[in-house]
Amino acid sequence: MTTTASFSARLRHAEPVMGTVVSFDVPLSARYDGSLEAAIGWLHWVDRVFSPYRPDSDVSLLAAGEVTADACAPEVAEVLAACARLRLLSEGYFTAFPGGRFDPSGYVKGWATERAASLLSGAGSASHLVNAGGDVQCAGTRAGAEPWRVGIADPFRHGGLALVVAARDGAVATSGIAERGAHILDPHTGRPASGLASLTVVGPSLTLADAYATAAFAMGPTRARDWTESLENHEAFAITSDGGTWQTSGFARHICPA
Amino acid sequence: MRRVILTVTATVAGLVALLSFKTHSSDPERTVASPTTQPTLQPGERAVTGNVANTIYGPVQVRVLVKSHKIVKVNILEQPQSTNMDVQIGQYAFPRLISETLTSQSARIDAVSGATYTSGGYINSLQSALDNGA
């Protein structure tokens, strides 16, 4: 979509894919060593295989019972197994069957984005950030050895920020209603989850942070608070529907001073 | 320049969102001439005039004074004034948004985490402003 070179030989690129826009902040070298192109190509491949909106995707064919997992790309079985583990870990609040139909999108975006970031690391980049529509994986630090600064959107004020998180080699994932309405279902009731306006999880890996944010959002504020507190290596920050906030005991060390 | 454009974007987004609450007749064909009056600049200050944002309530245009990469003043050059509601909004909301703009500039950021936007929602997002070198 847009590509902008900036100071200290860096490059920003925004790629429409997976129903959103994935933004890259990478060293300029990622354009010439082919790793940016490989990462973008990987995301489009994931979209073709995993999109529930494409009738010919492996996921759509599998959901329709037209093929078995054996006939799909091997990554489909990998995702299925991971979703099953997360379902157990989250007391059933994370599911690859929201609304009863096979749709692993809640896992795939974070997983695909973390792997896209790994492709950049594999090519030698020690400093990059990939933001898949609001879920962020970053590697190393930004130019100047400062941590990456990731703003947490204020769900009640478009364009505003609730706070800013500092991240090195880490992920920031947020689930919420601000952009697509109440679309996250509580799998135990089948109804849209209520009580939270947004929930952010910070951790080392976007795959887990994104899945944890989705599960915790579905839990609602009370259960989510206890559950996220119990997660190792992850911290959470929540904004409730009435505008209140809470955070897990270790979240404060991630907050950037204003 | 990043945070300056970012906060201008946020301000305009806030104004447009605010003005979208009430129905109102408008004249989309109307264009606003650039103001002929120039601000008096202190040493080191620069005036940046934003594009006219045509909301369904009428055109909105702001001008900011920038000094050392910070917004030091915001002027509303054009705002809807044809009804009492417009005037009330102007009296209440514009000073508040200007104040937020002036106080929120420490938020230098590299990315925004939030509920997943659609491709369409991206266009008006802060992340889009960052990607465009703001």
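The values are calculated or read from the model by the stated rules, or taken from the named source; none is laboratory data. Keep in mind that what you see is a predicted model, and the values were worked out from it rather than measured. Counting neighbours? That spans all protein chains shown, and the Cβs are built from the backbone with ideal geometry, glycine included.
Counting the residues of the range B:76-104 that are part of a loop (DSSP other than H, G, I, E, B), modelled with pLDDT under 75 and more than 10 Å from chain A (Cβ to nearest Cβ) gives 0. The residues of the range A:223-258 that are away from chain B (no Cβ under 14 Å), surrounded by 10 or more Cβ atoms within 10 Å (Cβ to Cβ) and of a type in the set (S, T, Y), listed by number, are A:T228, A:T240, A:T245, A:T248.
Only one of the listed residues (A:F50, A:F97) is surrounded by 20 or more Cβ atoms within 10 Å (Cβ to Cβ) and of a type in the set (F, W, Y). That residue is A:F50.
On inspection, A:R191 passes the criterion of being more than 10 Å from chain B (Cβ to nearest Cβ) and without any contact (Cβ under 8 Å) to a residue 60 or more places away in the chain. Report yes if some residue within the range A:63-70 is surrounded by 13 or more Cβ atoms within 10 Å (Cβ to Cβ), modelled with pLDDT under 95 and within 14 Å of chain B (Cβ to nearest Cβ); otherwise report no. Among the residues of the range A:63-70, not one is surrounded by 13 or more Cβ atoms within 10 Å (Cβ to Cβ), modelled with pLDDT under 95 and within 14 Å of chain B (Cβ to nearest Cβ), which makes the answer no. Here is the figure for the range A:172-202: residues that are surrounded by fewer than 22 Cβ atoms within 10 Å (Cβ to Cβ) and in a strand (DSSP E or B) total 2. When A:V172, A:V201 are screened for being within 10 Å of chain B (Cβ to nearest Cβ) and touching a His at 6+ places or on another chain (Cβ under 8 Å), only A:V201 passes. If the condition is being more than 7 Å from chain B (Cβ to nearest Cβ) and in contact with a strand residue (DSSP E or B) (Cβ under 7 Å, 6 or more places away or on another chain), then the range A:127-140 contributes A:S127, A:H128, A:V130, A:A132, A:Q137, A:C138, A:A139. Across the range A:148-169, the qualifying residues are those that are assigned to a loop (DSSP other than H, G, I, E, B) and at the interface with chain B (Cβ under 9 Å from one of its Cβ atoms), and the one among them that is nearest to B:L130 (Cα to Cα) is A:G159. Determine, yes or no, whether A:R115 is surrounded by 13 or more Cβ atoms within 10 Å (Cβ to Cβ) and either in a loop (DSSP other than H, G, I, E, B) or without any contact (Cβ under 8 Å) to a residue 60 or more places away in the chain (or both). Judged against the criteria, A:R115 is not a match.
Could you tell me which residue of the range A:118-146 is nearest to the chain's Cα centre (by Cα), considering only residues that are crowded, with 18+ Cβ neighbours inside 10 Å and hydroxyl-bearing (S, T, Y)? Ranking the qualifying residues of the range A:118-146, first place goes to A:S127.
Could you go through the range A:67-83 and let me know if any residue there is over 22 Å from the mean Cα position of the chain (by Cα), free of Cβ contacts under 8 Å to residues at least 12 places away in the same chain and not in a helix (DSSP H, G or I). Checking the range A:67-83: at least one residue is over 22 Å from the mean Cα position of the chain (by Cα), free of Cβ contacts under 8 Å to residues at least 12 places away in the same chain and not in a helix (DSSP H, G or I).
Can you confirm whether A:A209 is in contact (Cβ under 8 Å) with a residue 24 or more places away in the chain and away from chain B (no Cβ under 14 Å)? Can you show your working first?
Details: in contact (Cβ under 8 Å) with a residue 24 or more places away in the chain: yes; away from chain B (no Cβ under 14 Å): no.
It is false that A:A209 is in contact (Cβ under 8 Å) with a residue 24 or more places away in the chain and away from chain B (no Cβ under 14 Å).
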